[in-house]
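The values are calculated or read from the model by the stated rules, or taken from the named source; none is laboratory data. Keep in mind it's a predicted model, so treat the numbers as computed, not measured. Neighbour counts run over all protein chains shown; Cβ positions are idealised from the backbone, glycine included.
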Amino acid sequence: MILRILLLGCLLCTFPVRLLAQTLVERLGYPSGTKLLVVHADDLGETHSVNAAAIKALQGGTINSASLMVPCPWFPEIADYAKSHPDADFGLHLTLTSERVYYRWGPVAPADKVPSLVDQNGYFHHDWEEGEHINAKQVEVELRAQIERALAMGVRPTHLDSHQYRLIMNGKELFDTMLRVAHEYKLPVFVTRDWFADHPYLQASLGPGDVVLDHTVTIEPEIPPEKWAEFYLTALKNLKPGVTEFVIHPGFDDDELRAATRERSTWGSAWRQRDYDFFTSDQFRQILTQQKIKLITWRELARAAEAK
């Protein structure tokens, strides 16, 4: 009898450990060696050009997820599209900076409620200078305002992420603020294990019910234009089992986007055209098949979180 009790106790002790050891891929119902990929377009709502490119790519089926910048001038257009396409995988790209020189946006909340987030002209800061005091309580006010505006305009977001990773990479207090708001709205947050080594507070703050991706890939400014496709092809050929998100920035290299981003080429109109061209190409479709990579969305990831 004592032996049976001891054995039962051991089984009960190991049961939670087994659950915690289950990978995200397994929680999604796939074998552990499966390569799952979210192809995620950032910055929708920033310009009409970005919206148009993302919508065309989404309709083509290779870009399968995106996030929307609520404070930006062209948000109403993409919000209207999201409302009329409720199955589309749209999250919110929570935005606290306005990085372009001539093309600016400011908070959704009244500026006097979030003074640490705005410059003397009422726009979000271009950048957060060293030593700049960003008030976490005011951040929370603005995050809630952005989510509530999206909901009021008919968007039903599948997830949250952070423009320029400001809420991820700028300390535990801001990340915990984002996570608290996300939990309240029952939305997963884009976080990946790749960031844990440099930002250990991320792992410390996350709980067993949070979705944590395995890897992320994004192209950086040091990649020359002629090596664009090569970079992505190499990343796809070397994709590891698990869930990976490619963070991309599609757009059309037209007069509007050239004007909005003209002060520098990084994440500018030519950059975004290159991203659009690769991820809508037959070459991209072919390598997905060759490498046995399956596309998934944040809608599926959210269901995995709900089942936890």
For the structure I just gave you, tell me whether P225 is touching a strand residue (DSSP E or B) at 6+ places or on another chain (Cβ under 7 Å), under 27 Å from H48 (Cβ atoms) and not charged (D, E, K, R). no
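If I filter region 258-303 down to residues being of a type in the set (G, A, S) and part of a loop (DSSP other than H, G, I, E, B), which single residue comes out as farthest from P31 (Cα to Cα)?
S265
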Please go through region 180-199 and give me each residue that is out of contact with any Ser or Thr (no Cβ under 6 Å at 6 or more places or on another chain) and in a helix (DSSP H, G or I), ordered by number. R180, V181, A182, H183, E184, R193, W195
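Could you list all residues from region 202-219 that are surrounded by 15 or more Cβ atoms within 10 Å (Cβ to Cβ) and either within 14 Å of L24 (Cα to Cα) or not polar (S, T, N, Q) (or both)? Write out each step before concluding.
Within region 202-219, the first condition is being surrounded by 15 or more Cβ atoms within 10 Å (Cβ to Cβ), and the residues that meet it are 202, 205-206, 210-217, 219.
Residues satisfying the conditions are L202, L206, D210, V211, V212, L213, D214, H215, V217, I219.
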Of all residues in region 150-179 being in a helix (DSSP H, G or I) and among the charged types (D, E, K, R), which is nearest to T95 (Cα to Cα)? R166
Looking at E77, E26, can you tell me which residue is at pLDDT below 95 and in a helix (DSSP H, G or I)? E26
Looking at region 103-125 only, could you name the residues that are assigned to a loop (DSSP other than H, G, I, E, B) and either of a type in the set (S, T, N, Q) or under 25 Å from the mean Cα position of the chain (by Cα) (or both)? Y103, R104, W105, G106, P107, V108, A109, V114, Q120, N121, Y123, H125
Contact list please: Cβ distance under 7 Å, first residue in region 247-259 and small (G, A, S), second residue outside any loop (DSSP other than H, G, I, E, B), pairs at least six apart or on different chains. G251/S49; G251/V50; G251/A53; G251/L257; G251/S269; G251/R272; G251/Q273; G251/Y276
Just wondering, is there one or more residues in region 138-152 that are more than 26 Å from Y102 (Cβ to Cβ), in contact (Cβ under 8 Å) with a residue 12 or more places away in the chain and surrounded by fewer than 14 Cβ atoms within 10 Å (Cβ to Cβ)? no
